[in-house]
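**Student:** I am attaching a structure below and will ask some questions about it afterwards.
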Amino acid sequence: MTDQELNRAVQYVIASTSYGRDTVESVLRTGFRELTELALQTTRRFERDSLLEYVAQWTIKQTGQPEPLVREILACAGRWMDEACEEVAARNNDENRSAHDEHGRMN
């Protein structure tokens, strides 16, 4: 996620909630950073709900913000979270495909 996309998500969440910019940006930056790390480090496949639950719990612990606040902010940024989840899935699929040749053998 680029800074421009993050700023768009922050602006959208601020307009949709009563939370301040610093709080929203901290929650979203933390959540998206963890999604990015997962995309780079894991080959495991996650269901969307499981992935978002993990990111919510991680973000709560990292930011120290209350659970309802974090969940509301992440839910408001759902479109961007879904795009990030799709990137994780696509990256994992590409890595799995490149690890096997056309006959299903490991490269």
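**Student:** Mind checking which residues of the stretch 70-98 are among the acidic types (Asp, Glu), modelled with pLDDT of 75 or more and over 14 Å from Val24 (Cα atoms)? If you could, list the steps in order and put the result at the bottom.
**Tutor:** Looking only at the stretch 70-98, we keep the residues that are among the acidic types (Asp, Glu), and these are 72, 82-83, 86-87, 94-95.
If we keep only those that are modelled with pLDDT of 75 or more as well, we get 72, 82-83, 86.
Of everything in the stretch 70-98, those that are among the acidic types (Asp, Glu), modelled with pLDDT of 75 or more and over 14 Å from Val24 (Cα atoms) turn out to be Asp82, Glu83, Glu86.
**Student:** Okay, moving on. Pick out the one residue from Thr59, Thr42 that is over 9 Å from the mean Cα position of the chain (by Cα), modelled with pLDDT under 95 and more than 17 Å from Glu5 (Cβ to Cβ). If you could, list the steps in order and put the result at the bottom.
**Tutor:** On the way: Thr59 fails: modelled with pLDDT under 95.
Exactly one of Thr59, Thr42 is over 9 Å from the mean Cα position of the chain (by Cα), modelled with pLDDT under 95 and more than 17 Å from Glu5 (Cβ to Cβ), namely Thr42.
**Student:** Here's a follow-up. What pairs can you find where one residue is in the stretch 47-60 and hydroxyl-bearing (Ser, Thr, Tyr), the other is surrounded by 14 or more Cβ atoms within 10 Å (Cβ to Cβ) and outside any helix (DSSP H, G or I), and their Cβ atoms are less than 9 Å apart, with a gap of 6+ or different chains?
**Tutor:** Tyr54/Phe46; Thr59/Gln65
**Student:** What number of residues in the stretch 55-68 are touching an Asp or Glu at 6+ places or on another chain (Cβ under 8 Å) and of a type in the set (Ser, Thr, Tyr)?
**Tutor:** Total satisfying the criteria: 1.
**Student:** So, in the stretch 1-46, of the ones that are in a helix (DSSP H, G or I) and among the aromatic types (Phe, Trp, Tyr), which residue ends up surrounded by the most Cβ atoms within 10 Å (Cβ to Cβ)?
**Tutor:** Phe32
**Student:** Just one of the numbered conditions (1) modelled with pLDDT of 90 or more; (2) touching a helix residue (DSSP H, G or I) at 6+ places or on another chain (Cβ under 7 Å); (3) in a helix (DSSP H, G or I) is not true of Gln65; which one?
**Tutor:** Gln65 satisfies all of (1) modelled with pLDDT of 90 or more; (2) touching a helix residue (DSSP H, G or I) at 6+ places or on another chain (Cβ under 7 Å); (3) in a helix (DSSP H, G or I) except (3).
The values are calculated or read from the model by the stated rules, or taken from the named source; none is laboratory data. Computed from a predicted model, the values in this text were never measured in an experiment. So basically every Cβ, Gly included, is an ideal-geometry build from the backbone, and we count neighbours across all protein chains shown.
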